[in-house]
1. Considering only segment 20-56, state which residues are polar (S, T, N, Q) and in contact with a helix residue (DSSP H, G or I) (Cβ under 9 Å, 6 or more places away or on another chain).
2. Quick one: would you say Leu213 is under 30 Å from Glu26 (Cα atoms), surrounded by fewer than 17 Cβ atoms within 10 Å (Cβ to Cβ), outside the structural domain of Ser115 (by TED's automatic domain parsing) and not hydroxyl-bearing (Ser, Thr, Tyr)?
3. Name the residue, out of Phe67, Phe60, that is modelled with pLDDT under 90 and either of a type in the set (A, V, I, L, M, F, W, C) or part of a strand (DSSP E or B) (or both).
4. Kindly indicate whether Gln152 is surrounded by 15 or more Cβ atoms within 10 Å (Cβ to Cβ) and either in contact with a helix residue (DSSP H, G or I) (Cβ under 7 Å, 6 or more places away or on another chain) or not in a strand (DSSP E or B) (or both).
5. Taking Val159 as the residue in question, decide whether it is of a type in the set (A, V, I, L, M, F, W, C), assigned to a strand (DSSP E or B) and either at pLDDT 90 or above or outside the structural domain of Glu52 (by TED's automatic domain parsing) (or both).
6. Which of the residues that make up segment 83-127 are surrounded by fewer than 16 Cβ atoms within 10 Å (Cβ to Cβ), part of a loop (DSSP other than H, G, I, E, B) and in contact (Cβ under 8 Å) with a residue 12 or more places away in the chain?
7. Would segment 85-98 turn up any residue that is more than 19 Å from Pro183 (Cα to Cα) and either at pLDDT 95 or above or in contact with a Phe, Trp or Tyr (Cβ under 6 Å, 6 or more places away or on another chain) (or both)?
8. Where residues in segment 162-194 are at pLDDT 95 or above and of a type in the set (Ser, Thr, Tyr), which of them is nearest to Thr110 (Cα to Cα)?
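The values are calculated or read from the model by the stated rules, or taken from the named source; none is laboratory data. Owing to the predicted nature of the structure, the values given are computational and were not obtained by experimental measurement. Here the Cβ positions follow ideal geometry from the backbone for every residue, glycine too, while neighbour counts run over all protein chains shown.
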Amino acid sequence: KVIYTDKYIDDSIYAGVDRVKAAYFEHNKEPFYAFEFETDSLKGIIDYFNDEAKNLRRAFLKSPLRFGRISSKYNLKRRIAHYGYRVKAHRGTDFAAHNGTPILATANGTVTKSSYTRGNGKYVKIRHNATYETQYLHMSRRKAKVGEFVKQGDVIGYVGNTGSSAGNHVCYRFWKNGKQVDPFREKLPEAKPISDNLKAKFLDYIAPIKIQLDNIILVEDSLEPKTEETLSEIQ
């Protein structure tokens, strides 16, 4: 079940779904709710929470690209042919993609650097809190500016091949307490729940929406029984 708003061009031409305001589904007969709620109007931060005010968003995206592949992992003992197979630590994770592919901020934060160096090429660095920072290297073009607050999923630049790079990719670097670490081996924090001073407001806000969701009648996809073969294919 979904409650959403429609998008129109010039108030007349339908252009698809605008925003999902709330949703409900069941998994193994267990109910799950999601409600859109703005937690910071100044920064425009909107998240989705369940009916107990738990944040449903990940604190960090697993990838700074919507589409791409890992071409080189974080590896402190990597040997590179170009350097005579000497050990040259790689303190980032490379995601290969076409030139110009949008690079996304993996979490909310403030841009602390948007610059160029010979090794990094064009890059952006973001501080997320007192513990975590992320850095995005070898961009073809930078979009985010120093001092700008960016939200998770915002485009901060575009994939390129600048600096010490052998092909189009973004080198994603993850900092914890000032030290570069492998984000895929870190136990990352959950996204923050609603603050205590907003919780009562949130629960009041979702109460009528939850009733509206509960009153939506579920319609089966098909009245035709599925064959055993079809079920096994799905499984």
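1. Step one: filter segment 20-56 for residues polar (S, T, N, Q), giving 28, 39, 41, 50, 55.
The one that is polar (S, T, N, Q) and in contact with a helix residue (DSSP H, G or I) (Cβ under 9 Å, 6 or more places away or on another chain): Thr39.
2. Working: under 30 Å from Glu26 (Cα atoms): yes; surrounded by fewer than 17 Cβ atoms within 10 Å (Cβ to Cβ): no; outside the structural domain of Ser115 (by TED's automatic domain parsing): yes; not hydroxyl-bearing (Ser, Thr, Tyr): yes.
No.
3. Details: Phe60 fails: modelled with pLDDT under 90.
Only one candidate qualifies: Phe67.
4. On the way: surrounded by 15 or more Cβ atoms within 10 Å (Cβ to Cβ): yes; either in contact with a helix residue (DSSP H, G or I) (Cβ under 7 Å, 6 or more places away or on another chain) or not in a strand (DSSP E or B) (or both): yes.
Criteria met by Gln152.
5. Details: of a type in the set (A, V, I, L, M, F, W, C): yes; assigned to a strand (DSSP E or B): yes; either at pLDDT 90 or above or outside the structural domain of Glu52 (by TED's automatic domain parsing) (or both): yes.
Yes: the conditions hold for Val159.
6. Answer for segment 83-127, where residues must be surrounded by fewer than 16 Cβ atoms within 10 Å (Cβ to Cβ), part of a loop (DSSP other than H, G, I, E, B) and in contact (Cβ under 8 Å) with a residue 12 or more places away in the chain: Ala89, His98, Asn99, Gly100, Arg118, Gly119.
7. Yes: segment 85-98 contains one or more residues that are more than 19 Å from Pro183 (Cα to Cα) and either at pLDDT 95 or above or in contact with a Phe, Trp or Tyr (Cβ under 6 Å, 6 or more places away or on another chain) (or both).
8. Tyr172
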